[in-house]
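S.K.: My questions all concern the structure below.
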Amino acid sequence: MTGLLELRDKIKYFFYKNETYVTPALRFVLGLITFITLNSKIGSMAILSNFLVVLFVSAICAFLPTAVLVLAAAVFSLGHMFSLSMELSLIGLAVYLIMYLLYFRLGKRDVVWLLLTVVMFFLGAPYLAPIAVGLLCEPLTIIPMAFGVIVYYLIQTIGACIDGGVEDMLQATMQSILSNGAMVLVVVTFVLAAGLVYVIRRLYIDNAWKMAVYAGAAFQFLVILVGGLIMKTKISIPGLLLGTILAVAGGLVIEFFRMLLDYRRTEEVQYEDDEYYYYVKAVPKVTVQILAEEERRAGRANAGRRPAPSHRVPAQGRTVAGNRVPPQARTTAPGRGTGTPGRTIQGTGRPVQGTGRPIRPAEAGAGVERTAVRSYPRGTVASEEYNES
């Protein structure tokens, strides 16, 4: 975990340090992917399909605001539509004007989500779009995301009918815009899922971001599956399952980079001023320093613990020279530090050091057990005669 946090911090530091260069590079990559995708789907105008033109336009858009990149993508798509049919280009122009009047004239900051939604569709991860919008953006950003779904289905329909006649293409395009059940289902699902993710991630509960990701992915899967069966639209179950898994993975990556919190160290604070009394719940973010300190503390705690002995020999099982010595038969002999002669041990079972002489059978009797010569602290013996069997 520490290695992942260090990698995250390095990436964020690199981005902030080189933001002047990283932001244009990201715009360039986004423009390149967008233009190449348009050319692969509806590329019918030769000059716009030229790769050098794509590189040149992407490089120019990299140093301009994102709205210019969206405008360039609209011009590319209209140019390809015009090469197919002037009526088709007029339909596309009408759709783009409606989008501009409804949102883009007012909100220019999040207009990039239209392109990002289209790109996610073509990359096979469309269900990541509402989760990302719900986690990172405000509710107003749902509008360009919905427009991105409409643009994707428009381009997909034109690309599917590009080999047919002009009349078939116009009819399919109008049907796709006005009465495409799959498009309506996806738009409604994405709007509701993005709103659900936004609401859950703002709740004052633990792991709100993770719960928002899981809830949004599950909601999309169920609604599209059930709605597709009800509306009798063609749905790829493996594609839906794979897209849901990619959406969950992408949402967790966003949560890791944006809002990774340590709920174990949550603090609730109360304070007041002249007008209000405040109840504050503070949840610290997970950082490399905090995690490293916790690992050091855990290491010191484990190092301070002494391992328990693997086994302990009971007092009754101790032997001397291969003979088992019961506690009642353990005796001491006269000697330094042994106390008064003729004392026996009362089965304390503690190891001690012997300083006296061994007891011989001639002294204690023929049936006396051989015992270890040991000395015991004063006060742990009781006066008795030598034990005889």
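S.K.: Which residue, of TYR96, TYR100, is open to solvent by 50 Å² or more (accessible area, probe 1.4 Å), in a helix (DSSP H, G or I) and under 11 Å from PHE147 (Cα atoms)?
M.R.: Values: TYR96 fails: open to solvent by 50 Å² or more (accessible area, probe 1.4 Å).
Checking each option against the conditions leaves just TYR100.
S.K.: Please pick out the residue among LEU154, LEU128, LEU178, LEU90 that is open to solvent by less than 40 Å² (accessible area, probe 1.4 Å), hydrophobic (A, V, I, L, M, F, W, C) and over 26 Å from LEU196 (Cβ atoms).
M.R.: LEU154
S.K.: Starting from residues that are assigned to a helix (DSSP H, G or I) and open to solvent by 50 Å² or more (accessible area, probe 1.4 Å), keep the ones in the range 50-67 and report whichever is nearest to ASP163 (Cα to Cα).
M.R.: So in the range 50-67, the residues assigned to a helix (DSSP H, G or I) come out as 51-62, 66-67.
Still in the list and also open to solvent by 50 Å² or more (accessible area, probe 1.4 Å): 51-52, 55-56, 60.
Details: PHE51: 23, LEU52: 26, LEU55: 27, PHE56: 29, ILE60: 33 Å.
Residue satisfying both the conditions and the ranking: PHE51.
S.K.: Hey, could you check the range 253-294 for residues that are out of contact with any strand residue (DSSP E or B) (no Cβ under 9 Å at 6 or more places or on another chain), modelled with pLDDT of 80 or more and open to solvent by 50 Å² or more (accessible area, probe 1.4 Å) and say which is nearest to LYS12 (Cα to Cα)?
M.R.: My answer is PHE257.
S.K.: Just need a number here: residues in the range 68-77 that are open to solvent by less than 40 Å² (accessible area, probe 1.4 Å) and of a type outside the set (Phe, Trp, Tyr).
M.R.: Taking the range 68-77 first, the residues open to solvent by less than 40 Å² (accessible area, probe 1.4 Å) are 69-70, 72-74, 76-77.
With of a type outside the set (Phe, Trp, Tyr) added as a condition, the list becomes 69-70, 72-74, 77.
Looking only at that region, the number is 6.
S.K.: Now, a different point. Just the residues that are within 24 Å of the chain's Cα centre (by Cα) and among the aliphatic types (A, V, I, L, M), please, taken from the range 149-190.
M.R.: none
S.K.: Something else now. Can you go through PHE63, PHE121, PHE104, PHE82 and tell me which one is in contact with a Phe, Trp or Tyr (Cβ under 8 Å, 6 or more places away or on another chain) and aromatic (Phe, Trp, Tyr)? Quick ask: steps written out before the conclusion?
M.R.: Numbers: PHE63 fails: in contact with a Phe, Trp or Tyr (Cβ under 8 Å, 6 or more places away or on another chain); PHE104 fails: in contact with a Phe, Trp or Tyr (Cβ under 8 Å, 6 or more places away or on another chain); PHE82 fails: in contact with a Phe, Trp or Tyr (Cβ under 8 Å, 6 or more places away or on another chain).
The unique qualifying residue is PHE121.
S.K.: Every residue in the range 201-231 that is without any contact (Cβ under 8 Å) to a residue 60 or more places away in the chain, closer than 17 Å to PRO139 by Cβ and not small (Gly, Ala, Ser), please.
M.R.: ARG202, LEU203, PHE219, listed by residue number.
S.K.: Output the number of residues of the range 129-140 satisfying the condition of being touching a residue at least 40 places away in the same chain (Cβ under 8 Å) and over 17 Å from MET259 (Cα atoms).
M.R.: Of the residues in that region, 3 qualify.
The values are calculated or read from the model by the stated rules, or taken from the named source; none is laboratory data. Source: prediction; values computed, not measured. Positions of Cβ are backbone-derived with ideal geometry, glycine not excepted, and every protein chain shown enters the neighbour counts. Just the protein is used for accessible areas: all its heavy atoms, side chains included, with ligands, DNA and RNA removed. Shrake-Rupley method; radii C 1.70, N 1.55, O 1.52, S 1.80 Å.
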